[in-house]
Amino acid sequence: MPSTVYYTSMRTRPGNNLPTKLNKLVDRAGLDDIDFGGRFVAIKIHFGEPGNLSFLRPNFAKVIVDYVKRRGGRPFLTDCNTLYVGRRGDAISHISAAYENGYTPFSTNCHVIIADGLRGTDERNIPVKNGEYVQSARIGSAIAEADIIISMTHFKGHEMTGFGGAIKNLGMGCGSRAGKMEQHCDGKPQVNTTRCKSCHRCITQCAHNAIDYVDDKAHINIDKCVGCGRCIGSCGFNAIVNRNYNSAKLLNYKMAEYAQAVVQDKPCFHINFVMDVSPECDCRAENDAPIIPDIGIFASFDPVALDRACVDACNTATPLPNTQLTESVAKHGDCHEHFANANPNSDWQTCLAHCEKIGVGTNQYTLIEVE
Ligand code: SF4
Ligand code: SF4
């Protein structure tokens, strides 16, 4: 059975601006069917790495916050900490970045909670239904404990996954730092002794007694290490790293299974914003020029159908000139699919196919336009 995806264009007129259209869109798509009364509602969003200006405007978040509050829900805006060096790797930096980008309670009427806590180690292990690559996903606690999930996703390109849509926002975005490592890497981390400050914090976090000290620098005993990644989050100096990167295909399989862990047992609703479609992720501290024109806002209860509808819509759009996409086509040739053209090593089909296989959703959809 196809899922229904609702869509509204970027066209506006007096009395029908984009916030108004977003409210109408989610209403028509059935968001009101969820019983919000008294429940914690995690609104999963990417606050944008400072320097990148293509992240979602807080104004859109406020529309959804107000929608949920009018129905008695208790929303919070949330994301998990990042694994890489940047401005969102611990809760204090992350909240500061969110505020810097306008996600303050004054503009959104809502608080920000970093789901995996101060150091990115506050997680819940959630067994994955039908999981083949991940037995137990490490999901940020506040998201795992929320009663309802609403994802709001800036739909754009991505270096590894082709595009970043609802599945990536849910799967990668809701993973704790160790959860992100599990999706990106296999194997065991190492200590960068130049960065190690000998603070001895990581040893308290390792449940396997795998860390000791050599010349007063942390050292991981690979015979004892099980590759859980917990020490990576515990180090405030980015001294513990894992460079055993997974293939794009394995990353996609694992990301699909993490998304399953997030959505499998609770009411969920998903909104994708296909605008400012930069070729790469909002995690970067810059955003290259959009590769296609703005298309609109899409919403559905099915995150797979939603992503599929968005990627299909993008692929019918004419590439904008003088962009990373046109440069990449000139260099690598045209494979007639914008996201593969923009990032030739990526493979988004694998992710959506695996999502369908394990029951996250379907690639079949019916598209309904909302004025
Ligand atoms: S937590 Fe980081 S800085 Fe501290 S001892 Fe471990 S590796 Fe070194
Ligand atoms: S990855 Fe896990 S088991 Fe290995 S050293 Fe770090 S905390 Fe210990």
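The values are calculated or read from the model by the stated rules, or taken from the named source; none is laboratory data. Predicted model, so just to flag it, every value in this text is computed and none were measured. So basically every Cβ, Gly included, is an ideal-geometry build from the backbone, and we count neighbours across all protein chains shown.
Annotations for the structure displayed:
- One residue from 203, 232 being over 30 Å from residue 11 (Cα atoms), surrounded by fewer than 23 Cβ atoms within 10 Å (Cβ to Cβ) and within 16 Å of ligand 1 (Cβ to nearest atom): 203
- Against the test of being touching a Leu at 6+ places or on another chain (Cβ under 8 Å) and not hydroxyl-bearing (Ser, Thr, Tyr), the options 63, 134, 68, 128 yield a single qualifying residue, 63.
- Matching option when the condition is assigned to a strand (DSSP E or B), touching a strand residue (DSSP E or B) at 6+ places or on another chain (Cβ under 6 Å) and closer than 28 Å to residue 296 by Cα, among 143, 126, 139, 149: 149
- Considering the conditions (1) under 30 Å from residue 187 (Cβ atoms); (2) part of a loop (DSSP other than H, G, I, E, B); (3) touching a Gly at 6+ places or on another chain (Cβ under 6 Å), residue 304 is excluded by exactly one of them, (2).
- Checklist (1) near ligand 2 (Cβ under 9 Å from one of its atoms); (2) over 20 Å from residue 283 (Cβ atoms); (3) not basic (Lys, Arg) applied to residue 232, failing item: (2)
- For the range 211-236, the tally of residues that are more than 11 Å from residue 193 (Cα to Cα) and modelled with pLDDT under 90 stands at 15.
- The combined condition, being closer than 30 Å to residue 339 by Cβ, within 16 Å of ligand 2 (Cβ to nearest atom) and β-branched (Val, Ile, Thr), is not fulfilled by residue 263.
- Taking (1) surrounded by 24 or more Cβ atoms within 10 Å (Cβ to Cβ); (2) touching a Gly at 6+ places or on another chain (Cβ under 6 Å); (3) farther than 30 Å from residue 222 by Cα in turn, residue 176 satisfies each apart from (3).
- From 272, 341, 287, residue being in the same structural domain as residue 115 (by TED's automatic domain parsing), without any contact (Cβ under 8 Å) to a residue 24 or more places away in the chain and surrounded by 20 or more Cβ atoms within 10 Å (Cβ to Cβ): 341
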